[in-house]
Amino acid sequence: MRPGREREDEQHQPRPAATAVGRLPYPAGVRAVSATRIMDEEEIRRAVTRIAHEILERNHGAEHVALVGIAKRGDDLARRLAAEIERIEGVAPPVGVLDITFYRDDIGMRAEAPEVHETRIGFDLNDRVVVLVDDVLYTGRTIRAAMDALVDLGRPRAIQLAVLVDRGHRELPIRADSVGKNVPTRKDEIVRVCLREQDGEDAVYVEEPGGSA
Amino acid sequence: MNKHLLSINDLTAEDIVRILDVAESFREVGTRVIKKVPALRGRTVVNLFYENSTRTRISFELAAKRLSADVINFTTSGTSVAKGESLKDTARTLQAMGADAIVIRHSSSGAPHQLTRWVSGRVLNAGDGTHEHPTQALLDLYTIRDKLGRLEGLRAAIVGDVLHSRVARSLTFGLVKMGAEVTLVGPPTLIPPEAPQWGAQVSYDLDAVLPKLDVCYLLRVQRERQRQRFFPSVREYARRYGLTRERVAALPEGCLIMHPGPMNRGVEIDSDVADLPRSVIEEQVTNGIAVRMALLYLMLGGAGEGGGA
């Protein structure tokens, strides 16, 4: 599960292990005062279906489309979108996973080097329409890094962006082409996306940060 | 991780696993068309080599460049060192120029340790005297884990001039730390008396050791030391400790053949043995870049002072 994005640079911190359905785990030292569920399993499923339709509509089919998820949760969402597109269109777009660690703009500003994940893109990006997939869009810095990483790997025909939650507070001129849900938040709130693959349940929570435990 | 990398013993087993895991990601970078990421943009890495070295220096240089760091190669010939500058003064000069990391190779054991007292940047030992060569050991561990899937419980022999070999020391410490069994093999004159304290076994009979190995690691015969008569002749060494076709036949299926290079073909390893598919000598070189990228990234990717210690 995700220890929130109260700051964009928190996103690659090691996460506590997934816990049982319905129970919220917290990162060490943080205790949420209250958590509001803003999306449940059904809503996430519908959002994925709608985004899949939007991708197909925007690109007139799936022929040149490839999905690239940003590690870690964007990866799972990209696979779900691909499965949905295959169900609708009968064609499965290729799916890759992108780690943006080496492209971050805050390397050297943290005490320790950020955790590194895997990049695995087993297809040629050239001339593809690459849809970047992430769970939460916040400052936009992750997407900036992801675009830099992508263009080092090839020259896509176009790059589009699909996210499950847009929580606002952009620090860069970036917007998503498809959004599962727009959620107005305060900067000190934490948006927590839980996905079955890693967390045992499908849900999105907005949490009020509490004091240190 | 420690601030500096002077010895394999600066690292815990968890540190080693982390370095090897990060190296895995960097190996992927090495397969791209653009083999470069901006992770260490603006950092300066100095290669300070007091001893000749081609592969280690080039490997570090490539590693730093693929991370977008600026690299300065400082070799001793034709520089201020040739004019008689001391290590301390050279270190202070590099410090004044703002080096974030210094990769040092020196013929004196302990020189990298001395260097840490004079500079504020990170120090990476690229081989000091007969002491250690930790990055070589790490790339060897990476290669073994990559090929055999694990390190724990493996049986490895390190064969040859263990006495003068910093590679043998570092690799033995590393393998023992990771739970492998190490046997040091060579003529008695070339096995240091303190070897049993490293957690390794000792054997003077290569043929007795071969049949149960997972890794057969050959050390370079340092011909320049032959003047001191550690063994009667190079030919006799080759006969007793060289890895020949016949000896390869005694190795179990799947046993890796490794060598840190440069090789003396026909002495410690027969020429056709070096080119067998189970010999992973070239992969060691390729993996060396990824492992050094991982080290530079982990050591320089944080905030520095106070962080990651």
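Here, each number is a calculation from the coordinates, and none is a lab measurement. Because the structure is predicted, anything quoted here is derived from the model rather than measured. Cβ coordinates were reconstructed from backbone atoms using ideal geometry, including for glycine residues, and neighbour counts include every protein chain displayed.
Here are the numbers for the structure shown:
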{"item": "Note, ³J(HN,Hα) from phi for the range B:92-101, Karplus 6.51, -1.76, 1.60, rounded to Hz, x at Gly and Pro", "result": "5, 5, 5, 4, 5, 8, x, 5, 7, 9"}
{"item": "Cα-Cα over 23 Å, subset of B:Lys65/B:Lys88; B:Lys3/B:Lys65; A:Lys72/B:Lys177", "result": "B:Lys65/B:Lys88; A:Lys72/B:Lys177"}
{"item": "Average other protein chain Cβ within 10 Å of Cβ, residues B:34-47", "result": "3"}
{"item": "Taking the range B:134-281 and dividing mean pair separation by its residue count, relative contact order in percent (alpha carbons under 8 Å, at least six apart)", "result": "23"}
{"item": "Distance in nm between pseudo-label sites at B:Gln201 and A:Ala92 (7 Å out along the Cβ direction from Cα)", "result": "4.9"}
{"item": "Virtual paramagnetic centre 7 Å along Cα→Cβ of B:Lys212, amide N under 15 Å, in the range B:122-164", "result": "B:153-158"}
{"item": "Nonlocal amide H pairs with B:Ala126, under 5 Å, H built at 1.01 Å", "result": "B:Ile104, B:Arg105"}
{"item": "Average Cα contact separation per residue, the range A:99-213, under 8 Å, 6 or more apart, as relative contact order %", "result": "21"}
{"item": "R0 of 30 Å, Cβ-Cβ distance B:Asp21-A:Ala35: FRET efficiency to nearest 0.05", "result": "0.40"}
{"item": "Among A:Leu164, B:Asn287, A:Gln198 - extreme Cα towards positive end, dipole of the protein assembly as shown, charges at beta-carbon", "result": "B:Asn287"}
{"item": "Beta bridge orientation in the range B:91-231: antiparallel %, DSSP, nearest 5", "result": "5"}
{"item": "Calculated [θ] (222 nm, deg cm²/dmol) that DSSP helices of n ≥ 4 give over chain B, each run adding -39,500 (n - 2.57)", "result": "-11000 deg cm²/dmol"}
{"item": "Table column - 3J(HN,Hα) (Hz), the range B:140-151, Karplus curve with 6.51, -1.76, 1.60, x for Gly and Pro", "result": "5, 4, 4, 5, 5, 5, 5, 7, 10, x, 6, 10"}
{"item": "C-alpha long axis of helix B:166-177 to longest principal axis of chain B, angle in °", "result": "80"}
{"item": "Per-residue HN-Hα couplings for the range B:50-67 [Karplus 6.51, -1.76, 1.60; θ = phi - 60°; Hz; x = Gly/Pro]", "result": "8, 10, 5, 6, 9, 5, 5, 5, 5, 4, 5, 5, 4, 4, 5, 5, 5, 9"}
{"item": "DSSP beta bridges in the protein assembly as shown [antiparallel fraction, %, rounded to 5]", "result": "20"}
{"item": "Cβ charges +1 (Lys, Arg) and -1 (Asp, Glu), total dipole of the range B:134-281, debye", "result": "340"}
{"item": "At R0 = 30 Å, FRET efficiency that the Cβ-Cβ distance of B:Ala250 and B:Gln228 yields, to 0.05", "result": "0.45"}
{"item": "Mean separation of Cα contacts under 8 Å (6+ apart) over length of the range A:25-139, as relative contact order %", "result": "29"}
{"item": "Residue-averaged beta-carbon neighbours from other chains (10 angstrom radius) around A:97-107", "result": "4"}
